[in-house]
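Worksheet for the structure shown next.
The values are calculated or read from the model by the stated rules, or taken from the named source; none is laboratory data. If you're wondering where the values come from, they're calculated on a predicted model, not measured in any experiment. Glycine gets a Cβ as well: all are built from the backbone with ideal geometry, and neighbour counts include every protein chain shown. Accessible surface areas use protein heavy atoms only, side chains included; no ligands, DNA or RNA. Shrake-Rupley method; radii C 1.70, N 1.55, O 1.52, S 1.80 Å.
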Amino acid sequence: MQMLGEFKLPHFFNYPPYFTLQPVRDTREKQIQLWKELILDYCRTQKVFVIGLDEDFQLFSNPAIERTLSHESREAFLSALVLEGRAEWLDKGHRKCLILWHRIQDWADLILRFVKENGLEDSVMTVEEIRSGVESRGTELHGMDRTILMRALKLLEHKGKLAIFKGTSADDEGVKFSI
């Protein structure tokens, strides 16, 4: 089995046709499904939140078989994730894609679990403490993308689970949990 750092690549990664969009509809659908699963799994385990379509992304090439995904293939696979609600284009030109290996609701649930497990039900934390503080080390929240975190926090605020308050800078943004 081929590895990409610590990440185990699936068998299809060594099959050259999977690096070219397949013309037969059924084959293409299977190919897209395999790539969607691979992208989500890789991004989750490597904590990748944004993929640039025009940037080098390790997963999109396999030097062992001398294959690289075309721009069209990359866009097709990422667009398929967007259609499923597992990614969002960050710009109108579809050059950067935000990967949602957890949906926003799932991130919100992880935040609630984190708060309860750490006894923070009536506490105040900064947004930065949630994504990079001592309490979040070893959790999926540690190092998470700020955009995704803010969207999950706003969802929880809408549900009455917390209040977000602004400081004098982005580093001062805080959250008052009321669970």
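At-a-glance table
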{"read-out": "Mean ellipticity per residue at 222 nm, deg cm²/dmol - from DSSP H runs of n ≥ 4 across the chain, formula -39500 (n - 2.57)", "value": "-12000 deg cm²/dmol"}
{"read-out": "In region 92-179, the GluC sites (Glu not before Pro) that fall in loop regions by DSSP, at most 13 other Cβ within 10 Å", "value": "GLU121"}
{"read-out": "Computed magnitude of the charge dipole of region 54-113 (debye, nearest 20; Cβ of K, R +1, Cβ of D, E -1)", "value": "160 debye"}
{"read-out": "Overall dimensions of the chain by Cα: Rg and Dmax, Å", "value": "18.8, 56"}
{"read-out": "The chain - accessible surface per residue (Å², probe 1.4 Å)", "value": "54 Å²"}
{"read-out": "Between helix 71-83 and the chain: long-axis angle, C-alpha atoms, 0 to 90°, nearest 10", "value": "40 degrees"}
{"read-out": "Inter-centroid distance (Cα atoms) of region 103-117 relative to region 75-89, Å", "value": "23 Å"}
{"read-out": "Region 1-94: proportion of alpha-carbon pairs further apart than 24 angstrom, %", "value": "15 percent"}
{"read-out": "Rounded if a/c under 1.5, otherwise prolate or oblate - region 30-82, Cα gyration tensor axes", "value": "rounded"}
{"read-out": "Across LYS8/LYS30; LYS96/LYS116; LYS8/LYS154; LYS92/LYS166; LYS47/LYS159; LYS8/LYS116, pairs whose alpha-carbon gap is larger than 25 Å", "value": "LYS96/LYS116; LYS8/LYS154; LYS92/LYS166; LYS47/LYS159; LYS8/LYS116"}
{"read-out": "Estimated dipole of the chain in Debye, rounded to 20 [Cβ of Lys and Arg +1, of Asp and Glu -1, Cα centre]", "value": "380 debye"}
{"read-out": "Cα gyration tensor, region 121-179 - rounded (a/c under 1.5), prolate or oblate", "value": "rounded"}
{"read-out": "The chain - percent of accessible surface contributed by carbon and sulfur, probe 1.4 Å", "value": "50 percent"}
{"read-out": "Within region 109-167, trypsin sites (Lys or Arg not before Pro) in DSSP loop having at most 11 other beta-carbon neighbours inside 10 Å", "value": "ARG137, LYS159, LYS166"}
